[in-house]
């Protein structure tokens, strides 16, 4: 009997990426921050392409870390919606999210190599 | 003395024959509508699938504009390998071919037509089966399946496909319309359902990807329009605004499309058809079936109209 798949972080990540692009295009956000957010949105969209193609069946530490960081970025985005001053938190949390996704994708690649 | 039993038998036979004809003819209208909707959905979904990589590439290029970085060949790489897209297109064709076979069986008057319908379906299923086997070799040559994360892009259709091969074989040896239609509907129940379900989930993933690409394109577009605005004389600004609004409308329309929910409606319509085949075929059973097929048909029209409106906005001459 195959393992039940865990929720794919791609759904939540997709929503975050879309919100980041909205911020990157928002004329009220300072230009330098818009640029920084564009870079994060681009990187995370690349991760999203890798992530949608996966089914996670084991709740590893890397998977948990991604889920936690997704929650943090979502909360930071909600704060930024309230006040544009909170944009810095979005950028910082997004960096942590990207790092945790890299770890998860690396873990998946290593597991694939072991089986291969 | 013998006249009555013969008359009785004759009447009974006629009633049975009539009932048999009714059983088949009652399928003709819903099956024909199902076939039309499946083919229309197939026509709309093909360009959608073929456009996923282009959309991702466009987003990459817009991103580079936003980040003020040069474009590179890495921006043009297919996010989803062509062979994987091809598999999905073939799976869609097989579903359409199944619907066509169903209609051919429901409307056929002779054995030749049944055989032809079975043959066409069989050819499509065999083609899909060959692709599935070929892809398995390509995939195991690169990334082998891993225990923690299975690649969903490597859509696994082997289960439903092997059942469909059996179905086409069984259909080919049917010589009676009534049996053939029941074989096609009931034999297709599990594999066709599975096939539609797998494609539906897969399209959900692609929709998530598409939405992120649209978000990137929208932001990049605003950025470019802002740059153009700075170089536009006040008189031409109105045209620029109209153009921006039109392009934005197109993006919003495309973002609202949920290709996976189209497949959900296709699946519901198919489940209703199977339920009807198993039912006592009372007027209520037929009404339930017609209702599900109407929902599916309406959704296909909406989907198609949305795509047409975007194409017309982009290429008004067409």
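The values are calculated or read from the model by the stated rules, or taken from the named source; none is laboratory data. Quick caveat: nothing in here was measured; it's all calculated off a predicted structure. Note: ideal-geometry Cβ built from the backbone for every residue, glycine included; neighbour counts use all protein chains shown.
What the table below lists for this structure:
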{"quantity": "Matching option when the condition is under 26 Å from residue B:164 (Cα atoms) and either free of Cβ contacts under 8 Å to residues at least 12 places away in the same chain or not in a helix (DSSP H, G or I) (or both), among B:51, B:127, B:122, B:112", "calculated": "B:112"}
{"quantity": "Criterion: closer than 22 Å to residue B:263 by Cβ, touching a residue at least 40 places away in the same chain (Cβ under 8 Å) and more than 14 Å from every other protein chain (Cβ to nearest Cβ) - qualifying residue of B:82, B:93", "calculated": "B:93"}
{"quantity": "Inter-residue pairs, beta-carbon under 6 Å, first within 11 Å of chain B (Cβ to nearest Cβ) and in contact (Cβ under 8 Å) with a residue 12 or more places away in the chain and in the stretch A:94-112, second part of a helix (DSSP H, G or I) and crowded, with 23+ Cβ neighbours inside 10 Å, 6+ apart", "calculated": "A:104/A:66"}
{"quantity": "Residue within the stretch B:200-215 that is part of a helix (DSSP H, G or I), more than 14 Å from chain A (Cβ to nearest Cβ) and out of contact with any helix residue (DSSP H, G or I) (no Cβ under 6 Å at 6 or more places or on another chain) present", "calculated": "no"}
{"quantity": "Among residues of the stretch A:51-73, those that are part of a helix (DSSP H, G or I), more than 9 Å from residue A:9 (Cβ to Cβ), touching a residue at least 40 places away in the same chain (Cβ under 8 Å) and more than 9 Å from chain B (Cβ to nearest Cβ), counted", "calculated": "2"}
{"quantity": "Single match in B:201, B:210 (criterion: under 39 Å from the mean Cα position of the chain (by Cα) and surrounded by fewer than 19 Cβ atoms within 10 Å (Cβ to Cβ))", "calculated": "B:201"}
{"quantity": "Given (1) over 30 Å from residue B:202 (Cα atoms); (2) modelled with pLDDT of 85 or more; (3) not in a helix (DSSP H, G or I), number of the condition residue B:79 does not satisfy", "calculated": "(1)"}
{"quantity": "Check on residue B:218, away from chain A (no Cβ under 14 Å), in contact with a helix residue (DSSP H, G or I) (Cβ under 8 Å, 6 or more places away or on another chain) and more than 19 Å from residue B:38 (Cα to Cα)", "calculated": "no"}
{"quantity": "The one condition in (1) modelled with pLDDT under 90; (2) within 30 Å of residue A:28 (Cβ to Cβ) that residue B:217 fails to fulfil", "calculated": "(1)"}
{"quantity": "Number of the exception - residue B:237 against (1) farther than 21 Å from residue B:304 by Cα; (2) in contact with a helix residue (DSSP H, G or I) (Cβ under 6 Å, 6 or more places away or on another chain)", "calculated": "(2)"}
{"quantity": "Hits in the stretch A:1-32 (condition: more than 9 Å from every other protein chain (Cβ to nearest Cβ) and touching a strand residue (DSSP E or B) at 6+ places or on another chain (Cβ under 7 Å))", "calculated": "A:6"}
